[in-house]
Amino acid sequence: MKLHPLVTVSVIVNSMGNILLTLAMKRLAPALEAHLAARDAAALLLTLATDATFLSGLALLIAFFLLFLTLLSKLDLSYVLPVTSLGYIVTALLGALLLGEQVSALRWLGIGAIAVGVYLVTRSAEAERAAAPAEAGL
Amino acid sequence: MTASLPVAAALIGGIVVFGTLGDLTLSRTMKSVGQGKLQTWRDACALAWRTLGAAGFYLGVACMTGAFLSLLAALSVAPVSLVEPATSLSFVLNTLGAQFILKERVSRERWLGTLLVTGGAYLLFF
């Protein structure tokens, strides 16, 4: 089974973006809530706009959107969408490793189901490519 | 929970429907502007330029914004444990749209894979 290289990059970029945003929002939550309570929108935006973790997370999510659009320009939506769901697995694992989040038994089951699902979708794309080799490459 | 179930259900429906319409619109738009080679940075810039000139791009982004606002609204009236798992339904709706609106060929194997991903995404939030 071979994943499209751009798919791999998008999955990693998406997960890293989610993790960085989570880290930033958790750390900034007390400050943001104080600004919200004081109805001080300028201070709220300034807090976000000067936080390196928040900005890198945001940049990665924007990069993911651009990669996603590029993938859609060449590949089927019914392939791209399930396959990019690998990001859920990477995010769950990184969340466990970096943020110390719990991975419950049900969540492991979900991770397994997604992995098998992505395997099947990728195999169906390979079967299609074998049947129609003239498909334009990316 | 502070809102009635119908309100929460309508907002969750908004997330799924807007998100799916956004994905379908963006997919159709990118397919139509994405013809031709994509190998050099010059190709990529030309693709970006064509994308920004396509009305479907803005429609798709507007739908995505609608989905995001529905998500924020839903999260403010219903618990995360209800809202997040329900959004995994968008995999099924998107694949239905891809098959019947975008006319993609979705084999039985791909459907099975998509349903597994949907179920898996649902379980991830527990």
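The values are calculated or read from the model by the stated rules, or taken from the named source; none is laboratory data. This one's a predicted model, so the numbers in the text were calculated from it and none came from an experiment. Here the Cβ is made from the backbone with ideal geometry for all residues, glycine too, and neighbour counts use every protein chain on show. In case anyone asks, the SASA skips ligands and DNA or RNA and just uses the protein heavy atoms, side chains included. Shrake-Rupley method; radii C 1.70, N 1.55, O 1.52, S 1.80 Å.
Summary table below
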item	result
Residue check, residue A:56 within 22 Å of residue A:6 (Cβ to Cβ), free of Cβ contacts under 8 Å to residues at least 24 places away in the same chain, out of contact with any Asp or Glu (no Cβ under 6 Å at 6 or more places or on another chain) and not in a loop (DSSP other than H, G, I, E, B)	no
Some residue of the range B:70-87 being out of contact with any Asp or Glu (no Cβ under 8 Å at 6 or more places or on another chain), of a type in the set (A, V, I, L, M) and modelled with pLDDT of 90 or more	no
Selection within the range B:89-110 - of a type in the set (A, V, I, L, M), open to solvent by less than 50 Å² (accessible area, probe 1.4 Å) and under 18 Å from residue B:12 (Cβ atoms)	B:92
Test for residue A:88: is it free of Cβ contacts under 8 Å to residues at least 60 places away in the same chain and open to solvent by less than 30 Å² (accessible area, probe 1.4 Å)	no
Candidates B:70, B:76, B:81, filtered to the one that is more than 21 Å from residue A:70 (Cα to Cα) and open to solvent by less than 50 Å² (accessible area, probe 1.4 Å)	B:70
Residue ID - nearest to residue A:78 (Cα to Cα), chosen from residues in the range A:1-41 that are crowded, with 18+ Cβ neighbours inside 10 Å and hydroxyl-bearing (Ser, Thr, Tyr)	A:10
Condition check for residue A:67: in a helix (DSSP H, G or I) and open to solvent by 20 Å² or more (accessible area, probe 1.4 Å)	yes
Selection status of residue B:116, without any contact (Cβ under 8 Å) to a residue 60 or more places away in the chain, within 13 Å of chain A (Cβ to nearest Cβ), open to solvent by 20 Å² or more (accessible area, probe 1.4 Å) and part of a helix (DSSP H, G or I)	yes
Single residue of the range A:95-104 satisfying the filter (within 23 Å of residue B:116 (Cβ to Cβ) and in a helix (DSSP H, G or I)) that is most open to solvent (accessible area, probe 1.4 Å)	A:96
The one condition in (1) within 9 Å of another protein chain (Cβ to nearest Cβ); (2) of a type outside the set (S, T, N, Q); (3) not in a helix (DSSP H, G or I) that residue A:107 fails to fulfil	(3)
